[in-house]
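Notes follow the structure.
The values are calculated or read from the model by the stated rules, or taken from the named source; none is laboratory data. These numbers were taken from a predicted model, which means no experiment stands behind them. As a convention, Cβ positions derive from the backbone with ideal geometry for all residues, glycine included, and neighbour counts pool all protein chains shown. The area values use the complete protein model at the heavy-atom level, side chains included, leaving out ligands, DNA and RNA. Shrake-Rupley method; radii C 1.70, N 1.55, O 1.52, S 1.80 Å.
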Amino acid sequence: MTQLTMAKALNEGLRRAMADDDKVLVMGEDIGRLGGVFRITDGLQAEFGAQRIVDTPLAESGIMGTAVGLAYRGYRPVVEIQFDGFVYPAFDQIVSNVAKLHYRSQGTVRMPITIRIPWAGGVGAAEHHSESPEAYFVHTSGLRVVAVSNPQDAYTVLRQAIACDDPVVFFEPKRLYHTKGEVDLDRDLADAAPMGLARIARPGKDLTLITYGAQVATAMDAATAAEDEGIDIEVIDLRSLSPIDYKTVTASVRKTGRVVVTHEAAREAGLGAEIIASVTERCFYHLETPPVRVTGWDIPYPPAKLEKHHVPDLDRILDAVDRVLDRPNSMSEVEL
């Protein structure tokens with residue numbers, strides 16, 4: 001096991017994928033000589049050459065369109081979208097072509113494209129640099145969508161995404177890029193947990209707390225704090241947002257009978273609403289109380305000085321826990 005930051009784990013995942021398959025190439029803005037804004041591709045152009053680590057113009061639609069053509073020709077393109085808010089110019093290519101060509105061609109065309117997106121807030125960035133657009137892609141049939149929360153998953157799931165014959169939108173929580181963790185660089189993909197499997201980050205019996213990405217760390221802190229009051233919270237790291245591993249989720253809910261879902265994206269039509277609807281359909285007679293969401297507010301992402309009031313924190317999650325457990329002094333966020 002090696003101690004790596006998430007950024008370095010992603011770098012090693014790209015390096016391993018490119019070494020294993022010469023059809024893998026990476027494209028994006030400033031990813032070559034500079035090594036990317038977050039240095040995820042640092043050193044890769046020197047190792048693999050400018051034909052495989054390709055600096056592109058500032059044209060996301062063009063980058064994605066080129067990736068579609070490369071996939072047609074048998075390549076496995078990895079596209080880096082420099083920031084989450086920059087993905088929208090590429091949205092037409094992703095939903096109209098990348099997601100549909102396999103179905104449209106009755107299985108004769110595959111789109112093994114990995115779309116890496118540095119994602120979400122918490123880093124004091126400017127407008128368009130702290131978006132949480134996952135619901136758009138989860139809603140689009142034909143795409144796999146994943147979100148990692150730790151260095152090991154960053155390394156392993158990225159390799160799995162690149163090896164997958166389906167298009168994968170790969171969300172990287174940028175505020176965790178410098179978080180360190182143990183990574184097994186020698187783990188064979190055949191021995192790793194499948195890309196679509198959720199992870200029980202913390203077992204518990206009183207309540208199921210469902211989340212993904214950077215919010216996993218916040219959820220774990222909330223579970224630790226709740227333990228001081230005798231509340232045993234089970235934390236589920238979804239890992240895959242489409243498809244969702246409802247087998248793991250529903251097994252937990254049937255055990256605990258109570259559910260809180262938290263994510264940084266806005267509440268309205270967010271992923272939390274879909275999860276709660278699906279859990280209610282599957283586990284209605286096991287639920288002791290209505291499930292609760294803790295999300296970002298339904299506003300454009302705020303300026304850096306205000307983002308701490310937008311991103312769900314430990315206190316807001318614990319308030320939701322109190323409401324689901326019908327404890328006094330809790331306040332419904334719907335009333336705020």
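So here's what we get for this one:
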| quantity | calculated |
| --- | --- |
| Single residue of A320, A265 found to be closer than 21 Å to R175 by Cβ, in contact with a helix residue (DSSP H, G or I) (Cβ under 9 Å, 6 or more places away or on another chain) and touching a residue at least 60 places away in the same chain (Cβ under 8 Å) | A265 |
| Qualifying positions in the range 235-281 - open to solvent by 20 Å² or more (accessible area, probe 1.4 Å) and part of a helix (DSSP H, G or I) | Y246, K247, T248, A251, R254, K255, A273, E274, I276, A277, T280, E281 |
| Selected residue [in contact with a strand residue (DSSP E or B) (Cβ under 9 Å, 6 or more places away or on another chain), modelled with pLDDT of 95 or more and over 28 Å from E182 (Cα atoms)] from V95, V138, V109, V145 | V138 |
| Qualifying residue in the range 88-101 (condition: without any contact (Cβ under 8 Å) to a residue 40 or more places away in the chain, out of contact with any Pro (no Cβ under 6 Å at 6 or more places or on another chain), assigned to a loop (DSSP other than H, G, I, E, B) and within 18 Å of I162 (Cα to Cα)) | no |
| Subset of the range 176-201 [in a strand (DSSP E or B), of a type outside the set (K, R) and farther than 15 Å from L14 by Cα] | G181, E182, I200, A201 |
| Given (1) open to solvent by less than 20 Å² (accessible area, probe 1.4 Å); (2) more than 24 Å from A71 (Cα to Cα); (3) of a type in the set (D, E), number of the condition D188 does not satisfy | (1) |
| Some residue of the range 311-327 being among the small types (G, A, S), in contact with a His (Cβ under 8 Å, 6 or more places away or on another chain), buried (at least 21 other Cβ atoms within 10 Å of the Cβ) and more than 18 Å from I200 (Cβ to Cβ) | no |
| Residue within the range 283-291 that is under 20 Å from A217 (Cα atoms) and either free of Cβ contacts under 8 Å to residues at least 60 places away in the same chain or not aromatic (F, W, Y) (or both) present | no |
| Number of positions in the range 28-40 that are surrounded by fewer than 21 Cβ atoms within 10 Å (Cβ to Cβ) and either under 23 Å from M111 (Cβ atoms) or basic (K, R) (or both) | 3 |
| Candidates Q51, Q3 - the one that is in contact (Cβ under 8 Å) with a residue 40 or more places away in the chain, more than 21 Å from H129 (Cα to Cα) and outside any helix (DSSP H, G or I) | Q3 |
| Count - residues of the range 102-136 that are within 18 Å of the chain's Cα centre (by Cα), hydrophobic (A, V, I, L, M, F, W, C) and buried (at least 19 other Cβ atoms within 10 Å of the Cβ) | 6 |
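Table: residues versus (1) assigned to a strand (DSSP E or B); (2) open to solvent by 40 Å² or more (accessible area, probe 1.4 Å); (3) under 26 Å from V123 (Cα atoms).
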residue: A7; (1), (2), (3): no, no, yes
residue: D42; (1), (2), (3): no, yes, yes
residue: L58; (1), (2), (3): no, yes, yes
residue: M64; (1), (2), (3): no, no, no
residue: A67; (1), (2), (3): no, no, no
residue: V78; (1), (2), (3): yes, no, yes
